Amino acid sequence: MITWLLWLHALVIPVYAGVRGLAPSHVVLEAAVVPVAAIAASQAALSQRLRTLVASFGLLSCSAILVHLSGGVIEMHFHFFVMVAVVSLYQDWLPFLTAIGYVLVHHGALGALDPESVFNHPAAINHPWRWAGIHAFFIAGISAACLVNWRLNERQLEEVHLAEKRLRDETRVVERLNEVGSMLAAELDLDHVVQRVTDVATELTDAEFGAFFYNSTTEAGDGYLLYSLSGVPAEAFAGFEMPRATAMFGPTFRGEAVLRIDDVLADPRYGLSSPHHGMPAGHVAVRSYLAVPVVSLGEVVGGLFFGHGEPARFTDAHERAATGIAAHAAVAVQNARLYSNQRAAAETLQQSLLPDRLPVIPGVSLAARYLPGGPGLDVGGDWYDVFGLPDGSLGLVMGDVVGRGVAAASLMGQLRNALRAYALEGHPPATVVDLLNDLACGLGRGYVATLVFAALDAVSGQLRVVNAGHPPPLIIDGQERAIFFEGAAGVPLGVLPGYAYREATTPLRPGAGVVLYTDGLVESRHTPLDDGLERLRAAAEGADVDTDSLCERILQRGAEAGADDTAILIARRAPLSTRFEVEVPTDASSLHWLRGVLRQSLDETQATEEERFAILVAAGEACSKAILRAPTGHDTFRLAAELDGEDLRITITMPPGGGGDPMRLVDELMDEVTFTPGPGAGVLSMRRHLSGSPVNG
């Protein structure tokens, strides 16, 4: 703006001189300085201070020239004061000093040489230096007034800016506190809570690092202090022992007050604690220190500690921010602790109701897994069970109680125990689920659960299924294909009193199996249910592996990690072959399956009916003796059968007390019987020649 004002005067001055009738040479001589000043003030290569000085000199020259060209008219001096006001826009001492000096020298010197060209008042003409000094004094007064006004304005602006900064900082703190409050209200994992609190508090206090030492309690009830860090790597505290109730840390851990120290090294409480008597070697430098107790419901939860390498860095605003964070953190830590305790109780209850180990079922391979949901999720009511039924078949259960926490785990326990009781009474699967539904409806608390109950005949392979609102079982057909079994679908338990469930059956050929699972395996917040089911089917299909490996494969490929509780149970029939080897439980119900499997194996040969009868009776006699004489705690014995050409060989590893004495019936029915002492009571070997060769293999 000032540069354009110079160029405007460079045009106006010649016009004014022409109107006054002055000679062109005079005009050029008078006005040449103005465009030169305008050009110089426009040069970016010059320093800002130098351009300011040149522009100021040019503006003042414009006034002096106009005074001179007007013949010293006193009114034209007001133009000079206007230019002085314009120069004041620079808010710099140098232009004003230039103005004062310029007036004194220009008016005094020209007034002495040609008084009438500068002044048209007799007093000024007679005393030019005096009047030049008076003008300079006026300009000095104007300059002083302007500079005082600048400083006052600057101070006011600084105060306004400082107030605005404080307001912005307070607003930022309030916003962050609101964010932290919302975040912590939704966060239930204790470690996450502590870390988020430390990060945000370190940010709001402008600390170089922050630490949160908090009280934690082990299952044994021992109290100890753990910490999270922000702003520095964990190695920075590697040599730092857990703080104790010393003169420096004690007030914080006792919840007495906020402690703020401008220079911790100068504080008399610093350096008194052994073994380091100060910061250990390698610890980050600390001068400014701020510590805030975290107190909830009268209990000191822990303390927030902040440090900075420069002294006097923490202010009242930082203290308020940290205290605001001391209020949210306390509630969040207590909530997380309460949730952690409740979750642990629910997990303990739920794990206690799941089978310790899967039963050994001859001819059936079993595998199961239970995975609780990730942090922030309550334990749900997912459960599974496997047990023998009175008719010799195998009961398979997979259930999911709607709800979470201890209440869901408690209902799960009631349903599990009731189902076992109803099933062991000998009721068919549909009736068992009918009774279970009546129980759930009768509880009167709006409890709802889904369930699949299946009975597998390990000999015939028949699978009887009842489904109460649960995801459909997945059938592995033994030829590396997998399909969902949609039959027998019904409503969840606890929804419709008196609802009549129905069962559906499907055969499982040797080598085939069934996969039961909960919705945590297939449901996801990010993908449709059909996609989850397809992931499960694809994971199970083409997997020619044992059941444990198949379980792991399905979990890895099918489930979204930590999204929800997940339970899976797989039961698979052993494939038929010319040789098999199994662990036989020392339970009389095992004989039913054993005879069935041997009969199926003999059906694959051209053995006569007499040969089949002899083998079944002999094997049954030997196994019965092994079961009856097995000592307490000896749960199984091993049986192997192999078709060697036209001979069938059966080997039984007898438990202690189960062999050695003669077995006349076995000797009469088999072609060769030998007993070899060894582990346990020894090994009983039997051979029977078959009249025909095997049909398969």
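The values are calculated or read from the model by the stated rules, or taken from the named source; none is laboratory data. Bear in mind that the values here come from a model prediction, so they are computed numbers and not experimental data. For neighbour counting, all protein chains shown are included, and Cβ atoms are generated from backbone atoms with ideal geometry for every residue, glycine included. Ligands, DNA and RNA are excluded from the accessible area calculation, which covers all protein heavy atoms including side chains. Shrake-Rupley method; radii C 1.70, N 1.55, O 1.52, S 1.80 Å.
Brief remarks follow.
- Per-residue SASA entry for GLU164, accessible area with 1.4 Å probe, Å² rounded to 10: 80
- By accessible area with a 1.4 Å probe, ligands and nucleic acids excluded, highest first: order of SER589, SER56: SER589, SER56
- Probe 1.4 Å - accessible area at MET412, Å² to nearest ten: 0
- Stretching the chain fully between ARG357 and ALA257 yields a gain of 30.6 nm (0.36 nm per residue, less the alpha carbon separation).
- Exposure ranking of ASP385, ASP603 by accessible area [1.4 Å probe, largest first]: ASP603, ASP385
- Backbone HN-Hα couplings from phi across region 48-64 [Karplus 6.51/-1.76/1.60, Hz, Gly and Pro as x]: 4, 5, 5, 5, 4, 5, 5, 5, 4, 4, x, 5, 5, 5, 4, 5, 4
- Temperature 20 °C, viscosity 1.002 mPa s: under these conditions the Stokes-Einstein estimate for region 508-652, based on its Kirkwood radius over C-alpha pairs, is 118 µm² per second.
- Computed label-point distance, nm, for sites PHE613 and ASP530 using a 7 Å Cα→Cβ extension: 5.9
- Dipole magnitude for region 469-558: computed about the Cα centre from +1 point charges on Lys and Arg Cβ and -1 point charges on Asp and Glu Cβ, it is near 160 debye.
- Computed from phi, the 3J(HN,Hα) profile of region 596-602 under the Karplus parametrisation 6.51, -1.76, 1.60 (θ = phi - 60°) reads x, 5, 4, 5, 5, 5, 5 Hz, with x in place of Gly and Pro.
- Dipole magnitude of region 429-485 about its Cα centre (Cβ charges: Lys, Arg +1; Asp, Glu -1), debye to nearest 20: 140
- For region 432-538, the convex hull drawn through the C-alpha positions has a volume of 98 cubic angstrom per residue.
- Largest first, the residues VAL617, VAL401 sort by 1.4 Å accessible area into VAL617, VAL401.
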